[in-house]
Each structure stands twice: as C-alpha cells, then as structure tokens.
Amino acid sequence: MQVIEYRRALHRIPELDRDLPETLAYLRSVLEPLGCALFSPIPGALCAFFDFGKADAIAFRSDADALPIQEQTGLPFASTHPGKMHACGHDGHMSMVLDLAVWLDKQKDLKHNVLLIFQPAEETTGGAKDLCQSGVFEQYNVTCLFGLHLWPALPAGVVASRKKEMMSRSCEVSVTITGRSSHIAKAEEGLDALAAGVEFYRRAVALEKELSPDIYRLLKFGRMESGTVRNAVSGKTVLLGSLRAFQDEVFFGLQEGLRAIGRDIEKETGCTVDVHANDGYPAVWNPDELFDRVRNAGVDFEILDKPVMISEDFSWYQRHLPALFFFLGCGPAPALHADDFTFDESILTVGADFWKEIAAKL
C-alpha cells in the first residue's frame with residue numbers, strides 16, 4: 001500500500017532537529033508532481049498548499065524529525081543513519097499526510113483550501129512556535145489546524161481525543177542544595193545538605209497534595225544524590241524531578257511554591273538552595289468549539305477519559321489558532337522513544353482516511 005511505502009522509505013532516513021535534507025527531498029519527490037504549491041516558511045519545514053478557490057483554509061500538521069537513538073528493531077527497512085531513528089512515529093505521521101496529499105490532488109472541489117505542514121524540531125526546540133511566528137497561517141487564511149500522534153496505549157486503529165486537557169505542560173526540575181561538609185563526629189561544624197534535601201522533598205510532595213484531586217498535575221522526583229561517605233555530613237544534595245500540569249496558573253504556581261520552599265529551607269538550615277525549572281511547552285488543550293464542530297460534521301472518533309502527562313509542541317499552534325489533536329492507537333507495541341519501537345502499519349490507512357474525512361466533511 002502506498003501509505004506503507006511512504007512510511008518505510010522515511011523510516012530508513014531519520015534526521016534530527018531542523019537538519020532534514022533527505023527527509024525534505026523525499027517529501028518533495030512525492031508532492032512535486034501534485035497540484036499544490038510547495039514552500040518552506042522556516043528552515044527544515046515544508047508546506048504544501050492545495051487551492052480550491054475558497055476564502056479560507058484548514059491545515060494538517062505532521063512532525064518530521066527523528067530521535068538520536070540507535071535502532072534495534074531488526075526491520076528490513078531499519079534506519080540507514082547510525083545513531084538516528086524514527087522512534088516516535090513521525091515517519092508514520094508524515095506518511096499519512098502524504099497519503100492525504102495524493103487524495104487532495106484528485107479532488108475537484110472541497111469546502112476549504114488545505115495547507116499541509118511538515119514541521120521540524122518537535123523533539124528539540126519546538127518548530128511549531130517558529131511556524132506560528134512565520135505568518136504562514138495568516139498568509140493562507142488558515143482557520144483551524146489538526147494534528148495526530150501514534151499512541152501505543154490505545155487499541156490498534158482507534159482514533160481518540162478529548163475536550164480541554166489532552167497533553168500536559170512539562171518541565172524538568174533541578175534542585176541543588178549546597179551546605180558544608182564536616183566529619184560526622186563534629187556535625188555541628190557542618191551544614192547538612194542531606195537533611196535539607198530530605199526536608200525539601202517532603203515539603204514538595206506536600207505542596208502538590210494540597211491541590212484538589214480534580215486538577216490534573218504531577219510533581220515527582222526520580223533521583224536524589226547527596227554526600228560522599230557515611231561518616232561525613234553531606235555538603236551537597238541534588239534532586240532531579242519533573243513537573244507537569246495543564247493550567248498555567250497551576251504549573252507556574254507549583255514552580256513558585258518550590259522556590260518558596262527553597263527560600264524557607266535556606267533560612268532554616270543555612271544551606272544555599274537553587275531551584276531551576278524552565279517553562280517547557282504549553283499544554284495541549286483542545287478547544288470545545290472545534291471539537292464539537294468536527295463531531296457535528298459526522299467525523300467519528302473515541303473520547304479519552306483522561307489526559308496524558310506527556311508534552312507536545314502542537315500546543316504552540318493552539319496558542320495561535322483553533323487546533324485539535326488526536327491519538328491513533330498502535331495496539332500492543334513497544335514504548336515511544338524505545339530503540340525497538342515499531343507498530344502495525346495497517347493503522348496508517350486508518351489515520352490517512354481520518355484526515356480525508358475531516359477534509360471532506362468539515
């Protein structure tokens with residue numbers, strides 16, 4: 001099948017970040033014979049515009065970059081680029097949008113023009129934000145945008161989404177506590193960074209638990225390092241964790257709460273406490289109106305009962321214009337980002353047909 005051929009060809013040539021010359025060349029080889037205008041609004045991106053003579057356009061996005069992973073799938077079409085792999089399904093995402101493009105080329109008339117976007121740097125610096133700032137959506141009067149991600153947690157071929165919270169805002173939290181080491185027999189001469197770290201952790205856990213159980217969020221620490229030997233007061237503790245939430249006020253409120261805990265522990269222990277957390281991508285938050293518009297147009301998909309605590313730079317589009325995100329179930333499959341990730345390729349026809357249904361009915 002054509003969509004599977006696209007996927008296998010793209011799977012062989014994974015590239016990273018914004019440096020995607022072979023990927024873009026392959027995409028162009030499929031798109032150039034079609035009746036669409038091709039252009040690159042930012043480095044590493046490729047867009048295809050299908051003009052049906054309408055006043056507005058709808059858009060479909062695929063991410064195009066891969067991951068710095070050595071593939072271990074044993075597939076006959078495995079990566080030919082050492083240390084690089086499409087371990088997050090972006091090869092599948094691109095193939096479905098290419099299949100949509102071939103279908104669009106055969107249509108005589110649709111209700112809207114259609115813009116297809118192949119985006120770089122989803123796995124790194126957030127190419128979606130740069131595309132929003134490029135002016136491409138204003139230039140082509142794009143009124144809404146759609147994206148999709150392969151998802152091992154769903155049955156194979158199931159398309160699903162939900163209103164509001166879909167994928168979380170996420171950031172890494174790094175806490176460095178600097179005390180003063182001393183022999184444990186003279187503990188009073190030191191500043192115990194281990195004790196300060198334990199207290200920081202205890203208060204951080206309590207901070208998260210103060211929030212209502214109705215609020216989706218996560219604050220967890222997975223690693224703690226402290227001290228050098230058993231008979232010396234620790235002079236340094238490092239805590240590494242992750243913060244995830246959906247509402248900005250919750251996300252940044254927890255960040256500020258962690259900094260306040262750090263300031264209190266500094267005063268109480270004499271240790272220096274540095275709390276570092278970046279802003280991360282915004283949360284993927286599906287708008288009610290566009291969600292209902294797609295459902296009312298007769299496009300069928302499953303409803304997720306809860307969001308996931310993983311981030312995606314598709315959220316930048318949602319800050320710029322109405323945009324709706326979906327999952328396409330892979331069924332039993334290795335985890336995303338695993339070196340043996342692969343999936344049942346038959347689901348690609350389901351995803352491509354889903355895109356065609358939206359383009360035809362919306």
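The values are calculated or read from the model by the stated rules, or taken from the named source; none is laboratory data. Nothing here was measured: the structure is a model prediction, and the numbers come from that model. As a convention, Cβ positions derive from the backbone with ideal geometry for all residues, glycine included, and neighbour counts pool all protein chains shown. All accessible areas refer to the heavy atoms of the entire protein, side chains included, with ligands and DNA or RNA removed. Shrake-Rupley method; radii C 1.70, N 1.55, O 1.52, S 1.80 Å.
For this structure, a couple of remarks:
- 4 °C / 1.567 mPa s Stokes-Einstein diffusion coefficient of the stretch 76-139, Kirkwood radius on C-alpha pairs, µm²/s: 89 µm²/s
- Cα gyration tensor category, rounded, prolate or oblate, for the stretch 1-57 with a/c compared to 1.5: oblate
- Along its three principal directions, the equivalent ellipsoid of the stretch 213-362 from the Cα gyration tensor extends over semi-axes of 43, 21, 11 Å, largest first.
- Calculated Rg and Dmax of the stretch 127-200 using C-alpha coordinates, Å: 25.2, 73
- Residues whose amide H comes within less than 5 Å of that of GLY227, counting only those at least five positions distant or on another chain, are GLY235, LYS236 (H built at 1.01 Å from N in the peptide plane).
- The alpha carbon centroids of the stretch 149-188 and the stretch 194-245 are separated by 12 Å.
- Anisotropy class assigned to the stretch 143-282 is prolate, per the alpha carbon gyration tensor with a/c at or over the 1.5 cut-off and a/b larger than b/c.
- Order of exposure, largest accessible area first, which applies to THR23, THR143, THR125 with probe 1.4 Å: THR125, THR143, THR23
- Listed by chain and number, the lysines placed with their C-alpha closer than 23 angstrom to that of LYS129 are LYS163, LYS164; residues fewer than eight positions away on the same chain are left out.
- Eigen-decomposition of the gyration tensor built on the alpha-carbon atoms of the stretch 229-299 gives equivalent ellipsoid semi-axes of 43, 13, 7 angstrom, largest listed first.
- Estimated Rh, the chain: Kirkwood, alpha-carbon pairs, angstrom: 22.3 Å
- Gaussian network model of the chain, Cα within-10 Å springs - most flexible of ASP300, ASP130, ASP51: ASP300
- Using heavy atoms of the protein chains and a probe of 1.4 Å, the accessible area assigned to TYR281 is about 40 Å².
- Sequence-distant aspartates and glutamates (8 or more away, or on other chains) whose Cα lies within less than 19 Å of LYS84: GLU15, ASP17, ASP19, GLU22, ASP63, ASP65, GLU71, GLU122, GLU123, ASP339, ASP340
- Placing +1 on each Lys and Arg Cβ and -1 on each Asp and Glu Cβ, with no other charges, gives the stretch 191-301 a dipole about its Cα centre of roughly 520 debye.
- Karplus-derived 3J(HN,Hα), 6.51/-1.76/1.60, for each residue of the stretch 315-324, Hz, glycine and proline x: 4, 5, 4, 5, 7, 9, 7, x, 8, 10
- Under the Debye formula (equal points on every Cα, no solvent term), log10 I(q)/I(0) of the stretch 196-239 at q = 0.28 Å⁻¹: -1.02
- Cβ-based net charge around ASP344, under 15 Å, with every Lys or Arg adding one and every Asp or Glu removing one: -1
- Cα-Cα P(r), the stretch 288-362, percent of pairs per 10 Å interval: 14, 40, 37, 8
- Using the Karplus relation 6.51 cos²θ - 1.76 cosθ + 1.60 with θ = phi - 60°, the per-residue 3J(HN,Hα) values for the stretch 137-142 come to 6, 6, 4, 9, 6, 7 Hz, with x marking Gly and Pro.
- Exposed-site-free run, longest, the chain (rule: trypsin sites (Lys or Arg not before Pro); DSSP loop; at most 14 other C-beta within 10 Å): 231-362
- Candidate cross-link partners of LYS356 among the lysines, defined by an alpha-carbon separation under 18 Å and a same-chain spacing of 8 or more, comprise LYS54, LYS106, LYS108, LYS111.
- Choice from ILE347, ILE177, ILE117 showing the highest fluctuation, given a GNM over the chain with Cα pairs closer than 10 Å: ILE177
- In the chain, the DSSP-assigned H stretches of four residues or longer account for a calculated mean residue ellipticity at 222 nm of -10000 deg cm²/dmol, using -39500 (n - 2.57) per stretch and the full residue count as denominator.
- Computed on protein heavy atoms with a 1.4 Å probe, the accessible areas place MET94, MET309 in the order MET309, MET94, largest first.
- Protein-only accessible surface at a 1.4 angstrom probe places the residues GLU199, GLU289 in the order GLU289, GLU199, largest first.
- Over the stretch 1-118, volume per residue of the alpha carbon convex hull, in Å³: 95 Å³
- In whole percents, the pair-distance distribution calculated for the stretch 270-310 from its alpha-carbon pairs, binned every 10 Å from zero, is 18, 34, 21, 13, 9, 5, 1.
- Working from the Cα coordinates of the stretch 51-100, the gyration tensor eigenvalues give, after taking √(5λ), semi-axes of 32, 11, 7 Å in decreasing order.
- Here the chain has 51 percent of its accessible surface on carbon and sulfur atoms, given a 1.4 Å probe and all protein chains in place.
- In this structure the amide hydrogen of CYS88, modeled in the peptide plane, comes within under 5 Å of the amide hydrogens of HIS337, none closer than 5 places in sequence on its chain.
- Normalising the average separation of contacting C-alpha pairs (under 8 angstrom, six or more residues apart) by the number of residues puts the relative contact order of the stretch 160-292 at 43 percent.
- Table column - 3J(HN,Hα) (Hz), the stretch 302-313, Karplus curve with 6.51, -1.76, 1.60, x for Gly and Pro: 7, 10, 6, 7, 7, x, 10, 8, 10, 9, 7, 6
- Close amide H partners of VAL173, meaning residues 5 or more places away or on another chain with modelled amide H under 5 Å apart, are GLY241, SER242, LEU243.
- Built from the Cα atoms of the stretch 41-192, the convex hull projects on average onto 16.5 nm², one quarter of its surface area.
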